[in-house]
């Protein structure tokens, strides 16, 4: 294979066009990929930068603990929602976090089914991001009940002493099913993907406690062909199950709004518009995490410019769908002829929260469209800043949808204003701390890039008809390295 | 501690540095009449499964069963709770509001199917498995890095310590042949 006329840069099953940038920089072997990624986990000395980042995240996490303690002690009155804005930061941040999670599942499941091999070096930490984002999202519905230990009976169907059951006709209950299924399936997908890499860490860990710990988690994985056979089937099936699941989750989240008859919520465009927005926000967060990660750990060989550019393109495409959603909202308000709908959209643009809407349009319509320019989307610092702008934009979008729709009710006598309290903000910043703390722990103790999947995209992994034994001299020699 | 009926060896293990060499070796071993053998690699190799003559996994069927169980269970739970156990008139809507029961049914379908996929994969693979003889070969630690192994088990009727060793050593691209302690 190394002396053949082939020019494909990647391994088996590839369809990469000739001349495309490689998925892995040339010259890497099975061994070098393994060493490079596992050494991040197995190195004895923790880098100082890691400690600094972890310390800041951990401090922010303390804010969450403070916010929760105060909430449980004093009740949900410490938060801002009140008549007429009965939903505030709690659902806003829930939707924001759960949306961010969607990119991880998209990368790991949908891009797998579409045979997009560039997903390989980003899927692992994107899945971790999903899991942690869902954990942050779950915080809000659990704690907005005020006393979560008393709320379980109307959230989950279990035989309770009152003999009551959840109201299955309510989108809120659909949401409970969707989000808990999503959390469970994301965790399974992530763990299954980790098993072969945990075996690698078990075989390479130097100290006994780590060997034992990784050994227990790897469950005796030995890379048997029979095991791989079932494993790959399971992985594909999980991807096939996760794909409709991820679409259903944000659809159900959008039903929380769309099923209600509130002007600004009651729209059929909501499900696709929310799903696109979720992927958009999620890719922004993957970029926000990937850019510092590759820089700090020197992973530019694996997370290449091609990966960043592809993610920027997905972000741009989904951003355009989101922009289309804004247009449809405005058009339908006018076209419906409904005076409440019309008032809602005018109030959104020119009412007391006009600056939120203006900032939203700047972030999600103007800033994102600069990524059409190749020089801008291949400029790493610019891309990083844009990804942050998108995250802010998606937060503003939910703020606009939730607050501006509710604060001008049908009856002018019940109009009001809404503002997040200090404890609302503490809880939000606290979940950022939780998310970052979990991310820091993850990159320290587990391989942030899937090692075994990286091996499969190396040229040496190609076992075609023409790849006779002994034809390739050094193990995993790369055609790209040959003159 | 070995008796006549219990061989002192688990098998013989050949080590390769190339995936293609392992696939070719597996093919030749099958042609030579060996059936109790397994290949070990640091990443999945489709051609190796073919060379070893592995049949389709039973997993998809299990997952289908799991999905159906999840769907029936999820819908049944809602029907039972809303129609039989505690019928509650909510705004005049029918007790059996089937369109509203679809989203939770969909989610339970996915949940049980995904759980079946993972637990079924582990069960079919016999994992977790705290002990396996192949780990007694010192170089086997490289099976999770960049080396490839073929193990012919002593339980194979054609297995003969001398002859099988000669066969493995004669394969192209073989780096070493080791005995696997049981």
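The values are calculated or read from the model by the stated rules, or taken from the named source; none is laboratory data. Just so it is clear, the model here is predicted, and its values are computed rather than measured. Neighbour counts run over all protein chains shown; Cβ positions are idealised from the backbone, glycine included.
Summary table
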{"item": "Lone qualifier among B:112, B:118, B:72, B:134 - being closer than 30 Å to residue A:154 by Cα and at the interface with chain A (Cβ under 9 Å from one of its Cβ atoms)", "result": "B:118"}
{"item": "Filter pass, residue A:479 being farther than 26 Å from residue A:231 by Cα, modelled with pLDDT under 75 and within 10 Å of chain B (Cβ to nearest Cβ)", "result": "no"}
{"item": "Unique match (being touching a residue at least 12 places away in the same chain (Cβ under 8 Å) and assigned to a loop (DSSP other than H, G, I, E, B)) among A:267, A:312, A:242", "result": "A:267"}
{"item": "Subset of the range A:51-71 [in contact with a helix residue (DSSP H, G or I) (Cβ under 8 Å, 6 or more places away or on another chain) and surrounded by fewer than 17 Cβ atoms within 10 Å (Cβ to Cβ)]", "result": "A:56, A:58, A:59, A:62, A:65, A:66, A:70"}
{"item": "Tally of residues being in a helix (DSSP H, G or I) and surrounded by fewer than 17 Cβ atoms within 10 Å (Cβ to Cβ) across the range A:369-383", "result": "9"}
{"item": "Single match in A:349, A:285, A:315, A:344 (criterion: over 17 Å from residue A:102 (Cβ atoms), surrounded by 16 or more Cβ atoms within 10 Å (Cβ to Cβ) and modelled with pLDDT of 90 or more)", "result": "A:344"}
{"item": "Restricting the range B:27-48 to residues that are more than 7 Å from every other protein chain (Cβ to nearest Cβ) and more than 16 Å from residue B:170 (Cα to Cα), the residue that is surrounded by the most Cβ atoms within 10 Å (Cβ to Cβ)", "result": "B:37"}
{"item": "Matching residues in the range B:86-107 - criterion: being within 7 Å of another protein chain (Cβ to nearest Cβ) and either closer than 29 Å to residue A:241 by Cβ or part of a helix (DSSP H, G or I) (or both)", "result": "B:97, B:100, B:101, B:103, B:104, B:106, B:107"}
{"item": "Qualifying position, being more than 20 Å from residue A:88 (Cα to Cα) and modelled with pLDDT of 90 or more, among A:438, A:432", "result": "A:438"}
{"item": "Top-ranked residue of the range B:137-155 - restricted to ones that are surrounded by fewer than 17 Cβ atoms within 10 Å (Cβ to Cβ) and more than 8 Å from chain A (Cβ to nearest Cβ), ranked as farthest from residue B:13 (Cα to Cα)", "result": "B:155"}
{"item": "Boolean, residue A:253 is more than 8 Å from every other protein chain (Cβ to nearest Cβ) and without any contact (Cβ under 8 Å) to a residue 60 or more places away in the chain", "result": "no"}
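Condition check ((1) at the interface with chain B (Cβ under 10 Å from one of its Cβ atoms); (2) touching a helix residue (DSSP H, G or I) at 6+ places or on another chain (Cβ under 8 Å); (3) within 30 Å of residue B:36 (Cα to Cα); (4) not in a helix (DSSP H, G or I)) across all residues:
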{"position": "A:179", "(1), (2), (3), (4)": "yes, yes, no, no"}
{"position": "A:194", "(1), (2), (3), (4)": "no, yes, yes, no"}
{"position": "A:203", "(1), (2), (3), (4)": "yes, yes, yes, no"}
{"position": "A:215", "(1), (2), (3), (4)": "yes, yes, yes, no"}
